[in-house]
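Laboratory data are not the source of any read-out in this text; all were calculated from the coordinates shown. Because the structure is a prediction, the values reported are computed rather than measured. Here the Cβ positions follow ideal geometry from the backbone for every residue, glycine too, while neighbour counts run over all protein chains shown.
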Amino acid sequence: MTSTRRTGSSAEPGAEGNKSGYDTAIAKARRLCASREYCISEIRAKIEEWALVPPQKSDEIIASLVSDRFIDEQRYASAFARDKLRYNKWGRIKISYALRMKDLPANVIAGALNGIDEQEYLLIASKLVERILKTKKKSDAGLLRASVVRSMQSKGFETAVIMKLLHGKN
């Protein structure tokens, strides 16, 4: 009887198994997306990791999640940019790079970066510069400036913003 199923009409049992896997995968994905923001590439990786459905079905699941607004890449990118600025003290360059690594479209990234409040951005950058200046013990002002610039650039802040803040500290 088992040999008949394997050699007989294999589409029916396989389709039944895929439907169950599909339902399980979409339910798991919805639970994930309801708990926090995810982008399409992160959900696609999760679906592939679960191995419940073939790769072509993962596109159907993602389309369903997008149409039901479980996934919204603009919402994700905005939340990501805001959180990385506030909690990790990242600048626009580092945020932009991280979003590109998540395969987000350029217009979505630009929208998220434009959504960053300029006053909050400058306040966070200013506090970072002050903290760096307090911790660095350099006798030469040029070396101290270079050290601050390197530290701020490693956090992803633009050179123009750094220089503006350094000139304001003098």
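Going by how many other Cβ atoms sit within 10 Å of their own, how do R75, R44 line up, fewest first?
Details: R75 14, R44 18.
Exposure proxy ranking, most exposed first: R75, R44.
Across 5 Å bins from 0, what is the distribution of all Cα-Cα pair distances for region 118-169, in whole percents?
With a bin width of 5 Å, the distribution comes to 4, 21, 37, 25, 9, 2, 1.
Can you give the charge dipole size of region 118-169 about its Cα centre, rounded to the nearest 20 debye, using +1 on the beta carbon of Lys and Arg and -1 on the beta carbon of Asp and Glu? Display every interim value, and only then the final one.
Working: 11 positive and 5 negative charges, 70 e Å.
With only Lys, Arg, Asp and Glu charged at Cβ, the dipole is about 340 debye.
Over region 118-169, what is the mean sequence separation of C-alpha contacts under 8 Å (at least six apart), divided by residue count, expressed as relative contact order in percent? Walk me through the intermediate numbers first.
Values: 24 pairs, mean separation 20.5, N = 52.
Contact order relative to length: 40 percent.
Say each of S64 and H167 gets a label point 7 Å from the Cα, pointing the same way as Cα to Cβ; how far apart are those two points in nm?
5.7
From zero up to wherever the largest Cα-Cα distance of the chain sits, split into 10 Å bins and tell me the percent of pairs in each.
9, 28, 21, 16, 12, 8, 4, 2, 0
If you place +1 on the Cβ of every Lys and Arg and -1 on the Cβ of every Asp and Glu, how big does the dipole about the Cα centre of the chain come out, in debye to the nearest 20? Kindly include the intermediate steps, with their values, before the conclusion.
Working: 31 positive and 20 negative charges, 243 e Å.
So the dipole magnitude of the chain works out to roughly 1160 debye.
Which value in deg cm²/dmol, rounded to the nearest 500, describes the helix-derived mean residue ellipticity at 222 nm for the chain, given -39,500 (n - 2.57) per DSSP H run of n ≥ 4 and division by the residue count?
Numbers: 10 runs with 133 residues, N = 170.
Taken over the chain, the calculation gives -25000 deg cm²/dmol.
What list do you get for Y76, Y87 if you sort them by fewest beta carbons within 10 Å? List each step's numbers first, then the result.
Values: Y76 22, Y87 8.
So the ranking, lowest neighbour count to highest, is Y87, Y76.
For the chain, with the dipole built from +1 on Lys and Arg beta-carbon atoms and -1 on Asp and Glu ones, taken about the Cα centre, which of G156, Q56, F80 lies farthest toward the positive end?
Checked the options; the winner is G156.
Calculate log10 I(q)/I(0) of region 73-114 for q = 0.13 Å⁻¹, where I(q) comes from the Debye formula with a single equal point scatterer on each Cα and nothing for solvent.
Computed log10 I(q)/I(0) values: -0.19.
Counting pairs of alpha carbon atoms under 8 Å apart in space and at least six apart in sequence, what relative contact order in percent does the chain give?
Details: 131 pairs, mean separation 32.5, N = 170.
19 percent.
Translational diffusion coefficient of region 82-163 at 4 °C, 1.567 mPa s, Stokes-Einstein with Kirkwood Rh over Cα pairs, in µm²/s as a whole number. Don't skip to the answer; put the middle values down first.
Working: Rh = 13.5 Å.
For the chosen part, D equals 96 µm²/s.
Calculate the FRET efficiency for D140 and N114 from the Cβ-Cβ distance with a Förster distance of 41 Å, rounded to the nearest 0.05. Mind showing how you got there, number by number?
Values: r = 39 Å, r/R0 = 0.94.
Given R0 = 41 Å and the Cβ-Cβ separation, E is 0.60.
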